[in-house]
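S.K.: The structure is given below, and queries will be raised subsequently.
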Amino acid sequence: MRGFPLLRILVVAGALLMLGVPVWMLTRDRVEGIAAPVVEEREATGMADFSVVMTSTTPARLSVTAVNDAVRESDGGVRRFEARFEMPLAQPEDLAVFAAFEAEAGPQALRVEVRSAGRLVVDRTFWGEGEIHDVVEVAAP
Amino acid sequence: MKGKCVAMLRLLLMGVIGVFLSAGVQAGPVRIASLNTVMADVARNVGGERVEVEEIVHAGVDPHLYEPAPGDWKRIETADVLLAGGLGFEPYLERMRPVLANAGVRVVAGGDVVTPIEGACEGHGEEGHHHHHGEMDPHWWHSVSNTRAVVMQVRDALMAQDPDGRESYEANAAAFDQRLEALEKWVRLQVVSLPKANRVLVTSHDALGYLASEYGFEVLPVQGVTKSSQPSSQHVTRLIREIKERRVKAIFAESLENPKVLGQITAETGVRSGGVLYADGLGKGDASTYEGMMKHNVGTIVEALK
């Protein structure tokens, strides 16, 4: 190993790739994959559906809640979790998000995307160790 | 022989004093005088055992009404550092500056390192109202991120005053900043449990603008930022109408002075009292530290407006 610089470069590159891929998968701009939302703005009531997609670097128990609404929680450790909320279109509520990672050591990331009528309203990534508990501010789309 | 020894000791002593003076070394703890209770708490956290903080304006004194007495001037002039809120919170501070400069007192005003916001204008919508915009809101500590900036300002001032304490000030400031970062998140997680439509703060005077702008509240104050004038009857009538129309859930009093009309507004609107807030600085008991004061205020607000 000591005498083969090329081999050393390959080993280091491989290790970096293994570490970088999950982060890239999480933080890249997703052009494909999100199906056109089936929700429609309910003009009569001024309410609209908001879809929340949470993605984590490693399996985690994920949950999200909006004020005056029930907590939506994943079944055990998952890497992707989706929930829907009906909120006033003109003044949607902020969301409290929570992730408890199964892997206790090392920094982890949680990406939260909020969409309404197919339009991306918020896209935020949080970093933490062990667990993440934070607030996603949602403005009117 | 004895005379020679005494002379040599004297020379040695003078030399040591000379070295201390030329190197700007702080002899004993840094003496800090404070005109602001939040600044005093920051100084205690950052300075630790290397500082001695004397609160000229302490909890229970209304800083809007305070004027330094001759005895206070003396205590301020003999300090190494004077802490103030700034942004006009101490109107007498400008008068003090030349005297303090002559006395070699370092002035640290928290308002110098925050992004100021304008205070609300009381008379909007009233007949004959003339605009006097440009008055900055000096209550910057209701934004935790502002206080975090002030922590670094105080750290730098103490390091300049007492270079030997650099390591201690840096470590203390970093530890305090970490606690304030956690406090900032705690505030966000409390406020998120309040519907946005309920985030209306009716308060005695306009002191919570920074909290409002950071966490999405709207403030409907009875008095302006300085408490210098009593609210007009037009302003009170308009406020009562707005409270009713918007179905405001609670009205908040302050720990210090409250305008007399606050009781009238509560009676006429039928809105309950939401509790007492610490607007002009720290209080007593659970509000005697910055973190305690913020937790008290945010907890009281969230509980009352839910």
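S.K.: Hey, among the residues in the stretch B:153-207 that are crowded, with 22+ Cβ neighbours inside 10 Å and in a loop (DSSP other than H, G, I, E, B), which one's farthest from the other protein chains (Cβ to nearest Cβ)?
M.R.: Among them, the one singled out is B:ASP162.
S.K.: Related question: Does the stretch A:117-141 hold any residues that are modelled with pLDDT of 95 or more, open to solvent by less than 60 Å² (accessible area, probe 1.4 Å) and away from chain B (no Cβ under 14 Å), and which are they?
M.R.: Those that are modelled with pLDDT of 95 or more, open to solvent by less than 60 Å² (accessible area, probe 1.4 Å) and away from chain B (no Cβ under 14 Å): A:VAL121, A:THR125.
S.K.: Of the conditions (1) open to solvent by 40 Å² or more (accessible area, probe 1.4 Å); (2) under 13 Å from B:ASP280 (Cα atoms), B:GLN230 fails just one. Which one is it?
M.R.: Condition not satisfied by B:GLN230: (2).
S.K.: Here is a further query. Scan the stretch B:246-263 and give yes if some residue there is part of a helix (DSSP H, G or I) and open to solvent by 80 Å² or more (accessible area, probe 1.4 Å), otherwise no.
M.R.: The answer is no; no qualifying residue exists.
S.K.: Residue by residue through the stretch B:264-284, note down the ones that are more than 23 Å from B:TRP140 (Cβ to Cβ), open to solvent by 50 Å² or more (accessible area, probe 1.4 Å) and not small (Gly, Ala, Ser).
M.R.: B:GLN264, B:GLU268, B:ARG272
S.K.: Does B:SER213 satisfy the criteria of being under 14 Å from B:GLY119 (Cβ atoms), surrounded by fewer than 17 Cβ atoms within 10 Å (Cβ to Cβ), modelled with pLDDT of 90 or more and of a type outside the set (Val, Ile, Thr)?
M.R.: Criteria met by B:SER213.
S.K.: Ok, one more. So is A:ALA44 within 14 Å of another protein chain (Cβ to nearest Cβ), open to solvent by 80 Å² or more (accessible area, probe 1.4 Å) and either assigned to a loop (DSSP other than H, G, I, E, B) or at pLDDT 95 or above (or both) or not?
M.R.: When the stated conditions are applied, A:ALA44 does not pass them.
S.K.: Going by what's in this entry, would B:VAL225 be described as within 14 Å of chain A (Cβ to nearest Cβ) and either of a type in the set (Asp, Glu) or within 22 Å of the chain's Cα centre (by Cα) (or both)?
M.R.: The answer is no for B:VAL225.
S.K.: Let me ask something else. Within the stretch B:183-202, track down each residue that is aliphatic (A, V, I, L, M) and over 20 Å from the mean Cα position of the chain (by Cα).
M.R.: Selection gives B:LEU189, B:VAL191, B:VAL192, B:LEU194, B:ALA197, B:VAL200, B:VAL202.
S.K.: Here is a follow-up. Return a yes/no flag: does the stretch A:104-114 have any residue that is part of a strand (DSSP E or B), of a type outside the set (Val, Ile, Thr) and exposed (fewer than 14 other Cβ atoms within 10 Å of the Cβ).
M.R.: Scanning the stretch A:104-114, I find at least one residue that is part of a strand (DSSP E or B), of a type outside the set (Val, Ile, Thr) and exposed (fewer than 14 other Cβ atoms within 10 Å of the Cβ), so the answer is yes.
S.K.: May I ask you to list the residues in the stretch B:103-127 that are at pLDDT below 95 and open to solvent by 60 Å² or more (accessible area, probe 1.4 Å)?
M.R.: Within the stretch B:103-127, B:THR115, B:GLU118, B:HIS124, B:GLY125, B:GLU127 meet the criteria.
S.K.: To continue, here is another question. Those residues that are open to solvent by less than 80 Å² (accessible area, probe 1.4 Å), within 14 Å of chain B (Cβ to nearest Cβ) and part of a loop (DSSP other than H, G, I, E, B), I need them from the stretch A:71-103; list them, please.
M.R.: Answer for the stretch A:71-103, where residues must be open to solvent by less than 80 Å² (accessible area, probe 1.4 Å), within 14 Å of chain B (Cβ to nearest Cβ) and part of a loop (DSSP other than H, G, I, E, B): A:LEU89, A:PRO92, A:GLU93, A:ASP94.
The values are calculated or read from the model by the stated rules, or taken from the named source; none is laboratory data. A quick note: this is a predicted structure, and the numbers were derived from the prediction, not measured. Neighbour counts are summed over all protein chains in view; Cβ atoms, including those assigned to glycine, are modelled from backbone coordinates with ideal geometry. These accessible areas exclude ligands, DNA and RNA; they are computed on the full protein's heavy atoms, side chains included. Shrake-Rupley method; radii C 1.70, N 1.55, O 1.52, S 1.80 Å.
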